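The values are calculated or read from the model by the stated rules, or taken from the named source; none is laboratory data. None of the values given here were measured: they were computed from a predicted structure. Quick reminder, even Gly has a Cβ in these numbers, built from the backbone with ideal geometry, and neighbours come from all protein chains shown. Just the protein is used for accessible areas: all its heavy atoms, side chains included, with ligands, DNA and RNA removed. Shrake-Rupley method; radii C 1.70, N 1.55, O 1.52, S 1.80 Å.
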Amino acid sequence: MISRSCGRHANFRSSLSLFFLWQMTELVTSGNLTTVTEFLFSVFPHLPEGGVLFFVLLLLTYGFIVTGNLMIFILVRLDRALHTPMYFFISVLSFLEIWYTTTTIPKMLSSLISDHKTISVAGCLLQMYFFHSLGITEGCVLTAMAIDRYVAICRPLRYATIMTPRLCTQLATGSCVCGFLLVLPEIVWIATLPFCGSNQIRQIFCDFMPVLRLACTDTSLAVIVDAIHAGEIVASFLAIALSYIRIIVVILGMPSAEGRRKAFSTCAAHLAVFLLFFGSVAVMYLRFSATYSVFWDTAIAITFVILAPFLNPIIYSLRNKDMKDALGRLFCRRRRASGVGDRSRG
């Protein structure tokens with residue numbers, strides 16, 4: 001169900017790609033204004049400068065991200081004890097993290113070991129679209145998770161009647177629709193811009209501002225776009241922050257120390273992911289006219305492109321008793337099934 005609700009928005013990926021390719025072709029052939037047909041990632045080191053070392057580290061990190069998040073997704077699907085709203089949203093987040101990192105990291109890996117550290121204009125637009133669409137979707141899912149924890153702790157007697165499977169599915173589907181539609185107008189607008197002169201992107205992936213700086217036309221509309229993005233980020237942040245403030249107030253008012261400890265433990269993981277994700281996103285996108293050096297731009301980008309997805313499996317599995325118990329049950333079932341198969345063959 002998660003795959004259908006989120007994956008159906010990728011069905012138009014080929015038509016979107018054809019639109020971008022057609023648009024860029026029209027711009028190139030319409031005159032001498034547009035000469036750039038590909039962008040160059042100028043921040044990646046060459047092989048003699050440590051490219052292989054960074055490649056190995058990033059490859060191992062990417063493998064852990066995909067494996068860890070896929071394990072969480074499969075465990076939640078297979079173990080009935082995890083069929084709760086909280087773990088449903090965790091599995092949705094893990095599913096999104098796999099694709100979120102896949103939009104950027106494979107291209108980073110190829111840029112680290114290849115002499116051609118370029119990406120076509122159409123490929124750059126597609127990367128921006130899916131990266132930001134999935135990022136917005138994750139922000140919406142984190143908001144839904146905060147709502148779930150708020151109802152569980154502040155309205156425990158009504159939790160089962162409010163957080164129904166149908167509502168959870170609607171929230172997940174709505175998050176995907178919101179994420180994949182909100183960013184589409186900006187991508188279509190950028191696809192109409194002419195690019196000339198320098199083609200060097202001073203970032204580790206295609207992002208709005210580094211690409212817009214290369215356009216040889218007026219891009220003042222980007223200020224309005226930035227304000228819209230800022231509003232989206234602040235709205236999600238406030239919704240989640242207010243939910244957790246209310247949750248903390250309720251927890252502190254609990255008479256039982258054991259009850260307070262258990263309630264805090266269920267929210268700590270969500271709060272950590274929320275702070276890591278929104279903290280790095282806010283620093284990156286709520287700066288308006290402020291500028292950072294290339295080093296700090298890259299460091300901030302690594303935080304929410306690589307570090308946050310890397311820590312999610314650790315936070316939600318290695319430090320989660322329910323997940324560890326589910327993993328143990330899964331291995332026990334596999335071991336018993338293997339034993340029965342060996343005896344039947346014997």
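Given the structure, is Val151 in contact with a Cys (Cβ under 9 Å, 6 or more places away or on another chain) and either touching a residue at least 12 places away in the same chain (Cβ under 8 Å) or of a type in the set (Ser, Thr, Tyr) (or both)?
Values: in contact with a Cys (Cβ under 9 Å, 6 or more places away or on another chain): no; either touching a residue at least 12 places away in the same chain (Cβ under 8 Å) or of a type in the set (Ser, Thr, Tyr) (or both): yes.
Criteria not met by Val151.
Please specify each residue of region 117-152 satisfying the condition of being charged (D, E, K, R), closer than 15 Å to Leu242 by Cα and open to solvent by less than 10 Å² (accessible area, probe 1.4 Å). It would help to see each step written out before you state the result.
Residues of region 117-152 that are charged (D, E, K, R), as a first pass: 117, 138, 148-149.
Applying the additional criterion that residues be closer than 15 Å to Leu242 by Cα yields 148-149.
Listed by number, the list holds a single entry, Asp148.
In region 60-70, what count of residues is obtained for those that are farther than 19 Å from Gly328 by Cα and open to solvent by 70 Å² or more (accessible area, probe 1.4 Å)? Steps first, answer last, please.
From region 60-70, those farther than 19 Å from Gly328 by Cα are 60-66; that's our starting set.
Then keep just the ones that are open to solvent by 70 Å² or more (accessible area, probe 1.4 Å); that gives 60, 64.
Total satisfying the criteria: 2.
Looking only at region 237-267, filter to residues that are of a type in the set (Ser, Thr, Tyr) and modelled with pLDDT under 85; which one of those is nearest to Pro156 (Cα to Cα)?
Of all residues in region 237-267, those of a type in the set (Ser, Thr, Tyr) come to 243-244, 256, 265-266.
Narrowing further to those that are modelled with pLDDT under 85: 256, 265-266.
Numbers: Ser256: 16, Ser265: 16, Thr266: 14 Å.
Among them, the one singled out is Thr266.
Counting just the residues of region 201-248 that are open to solvent by 60 Å² or more (accessible area, probe 1.4 Å) and more than 23 Å from Phe277 (Cβ to Cβ), which one comes out nearest to the chain's Cα centre (by Cα)?
That would be Arg202.
One line per residue, one yes/no per condition, for (1) at pLDDT 90 or above; (2) in a loop (DSSP other than H, G, I, E, B); (3) surrounded by fewer than 13 Cβ atoms within 10 Å (Cβ to Cβ):
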site: Leu33; (1), (2), (3): no, yes, yes
site: Leu53; (1), (2), (3): no, no, yes
site: Leu58; (1), (2), (3): yes, no, no
site: Ile72; (1), (2), (3): yes, no, no
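Where the second residue is open to solvent by 80 Å² or more (accessible area, probe 1.4 Å) and the first is β-branched (Val, Ile, Thr) and lies in region 243-254, which pairs have Cβ atoms under 7 Å and are six or more apart or on separate chains?
Ile251/Phe264
For region 82-97, does any single residue satisfy the condition of being modelled with pLDDT under 90, over 25 Å from His46 (Cβ atoms) and either out of contact with any Leu (no Cβ under 6 Å at 6 or more places or on another chain) or open to solvent by 10 Å² or more (accessible area, probe 1.4 Å) (or both)? Full working, then the answer.
Residues of region 82-97 modelled with pLDDT under 90: 82.
Now narrow it down to the ones that are over 25 Å from His46 (Cβ atoms): 82.
Next cut, either out of contact with any Leu (no Cβ under 6 Å at 6 or more places or on another chain) or open to solvent by 10 Å² or more (accessible area, probe 1.4 Å) (or both) only: 82.
Checking region 82-97: at least one residue is modelled with pLDDT under 90, over 25 Å from His46 (Cβ atoms) and either out of contact with any Leu (no Cβ under 6 Å at 6 or more places or on another chain) or open to solvent by 10 Å² or more (accessible area, probe 1.4 Å) (or both).
Might you let me know whether region 177-185 holds any residue that is surrounded by fewer than 21 Cβ atoms within 10 Å (Cβ to Cβ), assigned to a helix (DSSP H, G or I) and without any contact (Cβ under 8 Å) to a residue 12 or more places away in the chain?
Narrowing region 177-185 to residues surrounded by fewer than 21 Cβ atoms within 10 Å (Cβ to Cβ): 177-178, 181-182, 184-185.
Filter once more, so that each one left must be assigned to a helix (DSSP H, G or I): 177-178, 181-182, 184-185.
Filter again for without any contact (Cβ under 8 Å) to a residue 12 or more places away in the chain, leaving 181, 185.
Among the residues of region 177-185, at least one is surrounded by fewer than 21 Cβ atoms within 10 Å (Cβ to Cβ), assigned to a helix (DSSP H, G or I) and without any contact (Cβ under 8 Å) to a residue 12 or more places away in the chain, which makes the answer yes.
Each row is one residue, and each column tells you yes or no for (1) without any contact (Cβ under 8 Å) to a residue 12 or more places away in the chain; (2) in a loop (DSSP other than H, G, I, E, B).
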residue: Ile187; (1), (2): no, no
residue: Gly197; (1), (2): no, yes
residue: Asp218; (1), (2): yes, yes
residue: Asp226; (1), (2): no, no
